[in-house]
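*Asks:* Structure incoming, see below.
The values are calculated or read from the model by the stated rules, or taken from the named source; none is laboratory data. All of these numbers come straight from a predicted model, not from anything done at the bench. Positions of Cβ are generated from backbone atoms using ideal geometry, with glycine treated the same way; all protein chains shown enter the neighbour counts.
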Amino acid sequence: MILFPYGKVVLVTEKEKTQVVQILRDNLRKKAILQTLFTRCDESCAGYLNGSVRRTNFKITTIRCGSNTFKPIFKGILKTENDKTVIVIKARLNIVIIGFIVVWFEFYGRLIFSDFTNVANWGGKAIILPIFVTLLLYGAIDYFFWKEFKAFKEQICALLDAEPIK
């Protein structure tokens, strides 16, 4: 069972590896960290990618209007097999968000444990709120991660004329 959202997809395209790299580079809009923190995205950059692309791999995120704290980081490896390019893409959360989640769940874990030890004082009803908040947070993280993952998969398939391998 995976506790943190983590996705993997394998795509295949008829394009050569150099063409795939060039298409990805053409769709990059590099933004500095400070620029990302203090400016809002406008329609001119929406739908583009941010990150780096090399000859055999890439590490990118998507640029969308609006905010999505749980936006994944996509790492891909490009391989050539049978005159086709195979793209193995793995998605995970940003390390800062993972750290926040660990601290959050650790705090609520302690709160729930303290309620278990003080059931006689609280009547057992106070444990419902921390469990509900924890499940709600996990559901929000999971929903927004997979929503962005699905949108990226569709976007990259359209850009590269690729098909997912089952």
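*Asks:* If LEU93 satisfies every condition in (1) of a type in the set (A, V, I, L, M, F, W, C); (2) modelled with pLDDT of 90 or more; (3) closer than 17 Å to ASP142 by Cα but one, which is the exception?
*Replies:* Only one criterion in (1) of a type in the set (A, V, I, L, M, F, W, C); (2) modelled with pLDDT of 90 or more; (3) closer than 17 Å to ASP142 by Cα is unmet by LEU93, namely (2).
*Asks:* Additional query: Against the condition crowded, with 16+ Cβ neighbours inside 10 Å, modelled with pLDDT of 90 or more, over 17 Å from the mean Cα position of the chain (by Cα) and part of a strand (DSSP E or B), how does VAL12 come out, does it pass?
*Replies:* Judged against the criteria, VAL12 is a match.
*Asks:* Among (1) of a type in the set (Gly, Ala, Ser); (2) modelled with pLDDT of 75 or more; (3) in a loop (DSSP other than H, G, I, E, B), there is one condition GLY139 misses while meeting the rest; what is its number?
*Replies:* The failed condition is (3).
*Asks:* Does GLY99 satisfy being under 17 Å from the mean Cα position of the chain (by Cα), exposed (fewer than 15 other Cβ atoms within 10 Å of the Cβ) and at pLDDT 85 or above?
*Replies:* Yes.
*Asks:* Considering region 17-57 alone, what residues qualify as being in a helix (DSSP H, G or I), at pLDDT below 90 and within 19 Å of the chain's Cα centre (by Cα)?
*Replies:* Selection gives ILE33, THR36, LEU37.
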